[in-house]
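The values are calculated or read from the model by the stated rules, or taken from the named source; none is laboratory data. This is a predicted model, so every value here is computed, not measured. Positions of Cβ are backbone-derived with ideal geometry, glycine not excepted, and every protein chain shown enters the neighbour counts. Side chains are part of the model used for accessible areas, which takes the heavy atoms of the whole protein and leaves out ligands, DNA and RNA. Shrake-Rupley method; radii C 1.70, N 1.55, O 1.52, S 1.80 Å.
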Amino acid sequence: MATLLLTNIGQLTTVDQNARVLEHAAVLIQDSLIAWVGDMGQAPQADESIDLGGRAVLPGWVDSHSHLIFGGDRAEEFVARMAGQSYAAGGIAVTTSATSQLSDNELSEAVTARRAEALAMGTTWMETKTGYGLAVDEETRHSVLGKTLVDSLTFLGAHLVPAGWDADEYTELVTGPMLDAVADNVDFVDVFCERGAFTEEQSRRVLEAARAKGLATKVHGNQLGPGPGVQLAVEFGSHSVDHVNYLEEEDIQALAGSWAGWDSATRTGTPGTVATCLPACDLSTRQPLAPGRELLDAGVRIALASNCNPGTSYTSNMNFCVATAVLQMNLSLAEAIEAATYGGALALGVAGQTGSIEVGKRADLHVLDAPVAAHLAYRPGMNLTHSVYRAGKAI
């Protein structure tokens, strides 16, 4: 089996359970997996060796929340929002209409291009959602296309109640024929539990239907104001609740309690519900930034994700999200990097495969054109990605 040694790494941020940061390091890749990590002076022989010239290396980003399957854009909506109009979920209907007009090939090409943009900036594992179909045939089409184009796929038929539909009747469609049609193609079921979208009762029906199908769940919750999203996510053992801008003390405590069966020191046990923070979206919608500092201090595991979508966060740049978390959310650099790698992997149930640089995991590596990872926040907005390895292959 072919081996590749990446050597002369100036700083290696492993994000392993000991949070090791190694200097003058090397990583041995065997086929698609990490086979050895350590001091470059002790590195084993390999079939091929690449000198990284003292650059910093960290795990590839794990973007656990995006919406890549769409047509058109909503630039006009963005301009209006920046001029003072408030964000409401109704803009989703604009994207639904534009997406339905694309052929399968056009839609696949658009998603492929967006995935390539993210990969070029270090995102080696990416989740995306359906949710711009909102009809059985369109949601099915999107699930079939998405299954082959991203690493993790989430069904979000419960994104918005389409115009002309009764909310309860549409929820019945989502939890019945629509879920039946997409179930074999998706990893998760999500629901937008928010004013202007789905009520607590309707959201509960979606989560119950997913559980009956044996599918893992996620919740869009507490984005536009206090609400039941967090509590529902914890109750149903959802992998994550995403946005979490408006939290009451009982929400934070419920999230913290969900991690009671997890041993952070050994990373063993039963994971709780990850709180996924979406700082690029918060800036675009002018919502308060999610309270990542308070969540971490309470013992909640958090993730950072891009929420790449045409309405509220048209970026897949995880470097930007990490810098924002450090500069504006009061996270340390190490906390922000972990949230954007291992935290995202926890939110997707793939922490055993990716999210940290450890022997046996997939060789997903992000090489920075900088000597230390601190440059991500120290030099915000700069393109610091030198190269990317996904499953051991240079991109």
Residues that are in contact (Cβ under 8 Å) with a residue 24 or more places away in the chain, open to solvent by less than 40 Å² (accessible area, probe 1.4 Å), among the hydrophobic types (A, V, I, L, M, F, W, C) and under 16 Å from His65 (Cα atoms): does the stretch 125-140 have at least one? yes
Yes or no: Thr148 surrounded by 18 or more Cβ atoms within 10 Å (Cβ to Cβ), at pLDDT 95 or above and of a type in the set (Val, Ile, Thr)? no
So Gly360 clears everything in (1) buried (at least 21 other Cβ atoms within 10 Å of the Cβ); (2) farther than 30 Å from Pro288 by Cα except one condition, right? Which one? (1)
Those helices (runs of 4 or more DSSP H) lying entirely in the stretch 274-350 with at least 1 residues touching a residue at least 40 places away in the same chain (Cβ under 8 Å), hydroxyl-bearing (Ser, Thr, Tyr) and out of contact with any Ser or Thr (no Cβ under 8 Å at 6 or more places or on another chain): 318-328
Check whether at least one residue in the stretch 73-88 is open to solvent by less than 20 Å² (accessible area, probe 1.4 Å) and among the β-branched types (Val, Ile, Thr), and report yes or no. no
Just need a number here: residues in the stretch 111-124 that are more than 21 Å from Ala183 (Cβ to Cβ) and surrounded by 18 or more Cβ atoms within 10 Å (Cβ to Cβ). 8
All but one of (1) free of Cβ contacts under 8 Å to residues at least 60 places away in the same chain; (2) assigned to a loop (DSSP other than H, G, I, E, B); (3) at negative phi hold for Glu250, so report the exception by its number. (2)
Here the residues within the stretch 214-234 that are among the aliphatic types (A, V, I, L, M), outside any helix (DSSP H, G or I) and under 25 Å from Val182 (Cα atoms) are Leu215, Ala216, Val219
Among the candidates Val300, Val322, residue that is crowded, with 23+ Cβ neighbours inside 10 Å and over 14 Å from the mean Cα position of the chain (by Cα): Val300
Criterion first (in contact with a strand residue (DSSP E or B) (Cβ under 8 Å, 6 or more places away or on another chain) and without any contact (Cβ under 8 Å) to a residue 60 or more places away in the chain) does Ala113 satisfy it? no
Among (1) under 17 Å from Leu33 (Cα atoms); (2) without any contact (Cβ under 8 Å) to a residue 60 or more places away in the chain; (3) out of contact with any Gly (no Cβ under 9 Å at 6 or more places or on another chain), Ala374 falls short only on (1)
Say whether the condition of being on the phi > 0 side of the Ramachandran plot, surrounded by fewer than 24 Cβ atoms within 10 Å (Cβ to Cβ) and either modelled with pLDDT of 95 or more or in contact with a helix residue (DSSP H, G or I) (Cβ under 8 Å, 6 or more places away or on another chain) (or both) is met by at least one residue in the stretch 346-357. yes
Restricting to the stretch 168-203, name every residue that is farther than 26 Å from Gly349 by Cα and either of a type outside the set (Ser, Thr, Tyr) or surrounded by fewer than 23 Cβ atoms within 10 Å (Cβ to Cβ) (or both). Asp168, Glu169, Tyr170, Glu172, Leu173, Pro177, Arg195, Gly196, Ala197, Thr199, Glu201
